[in-house]
Amino acid sequence: MTDSEHDQHPPIGGDVEAILHQLLDVVGNARPMPLSASVMVNRDEVLEIIEAGLQRLPEELRAARWLLREREEFLAKVQREGDDILDAARARAERMVQRTEVVRAAQHTARRLVEEAEAESRRLRHEAEDYCDHKLAQFEIVLDRTIKTVQAGRQRLHTPVGEEPQPAPRYAEAAPAPAEVEAAGFYDHDEE
């Protein structure tokens, strides 16, 4: 290689692509051979460029492999994160559906319990009203007889001494008989 040819080409270095462009320039600018499609190139110069490319190639391949590995790791990481997000969203959706179903079941149970409590309340109120009405009816009978007895006693008191009192109902007639009171459900502690 002559000094003039060496000055035409920049020093060998840089990346493999630049080295291949340099080799392309050497072959493209080579002198054609007369009556042929072949060209004359400086063998040492071409070999030097090829050797530089071969030396540089493993370095660039390592860098490219490293970039590919980094890219694959990044994509795997992003895929895992995406899967985690989807799993979390599915789990949350399932919990929300379960909560909705639990709430719906709880509301149904609450409505049923309220309806049962209201029905029981109505039943107890009717029973209490019936019981009170029955007791008041018994008390009314006892009061009516007691009033008759009191009126008879007062009439005797108002009759002057020596006059024959008008026949008054006897105490036994005015007061309810123990059998009547028991039949009506009235119990008198004094008659024991």
- Might you tell me the accessible area per residue for region 52-97, computed with a 1.4 Å probe and given in Å²? 89 Å²
- Message: Heavy atoms only, 1.4 Å probe, whole protein assembly: order 158, 21 by accessible area, highest first.
- Response: 158, 21
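Keeping the other protein chains in place, figure out the carbon and sulfur percent of the accessible area of region 75-129, with a 1.4 Å probe. Intermediate values should be presented prior to the final figure.
Working: 2830 of 4880 Å².
With neighbouring chains kept in place, the figure for region 75-129 is 58 percent.
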- Query: Once the mean 1/r over all distinct Cα pairs of region 27-76 is inverted, what Kirkwood radius in angstroms do you read off?
  - Reply: 13.9 Å
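Convex hull over the alpha-carbon atoms of region 65-112: what's its volume per residue in Å³? Each step should come with its number before you reach the end.
On the way: hull volume 1.1 nm³, N = 48.
Dividing the Cα hull volume of region 65-112 by its residue count gives 23 Å³.
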- Query: What accessible surface, in Å², does a 1.4 Å probe find on residue 33, ignoring ligands, DNA and RNA and rounding to the nearest 10?
  - Reply: 80 Å²
- Enter the Cα centre distance for the pair region 14-70 and region 83-154, rounded to the nearest angstrom. 98 Å
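The values are calculated or read from the model by the stated rules, or taken from the named source; none is laboratory data. These numbers were taken from a predicted model, which means no experiment stands behind them. Calculation scope for accessible area: heavy atoms of the full protein, side chains included, ligands and nucleic acids excluded. Shrake-Rupley method; radii C 1.70, N 1.55, O 1.52, S 1.80 Å.
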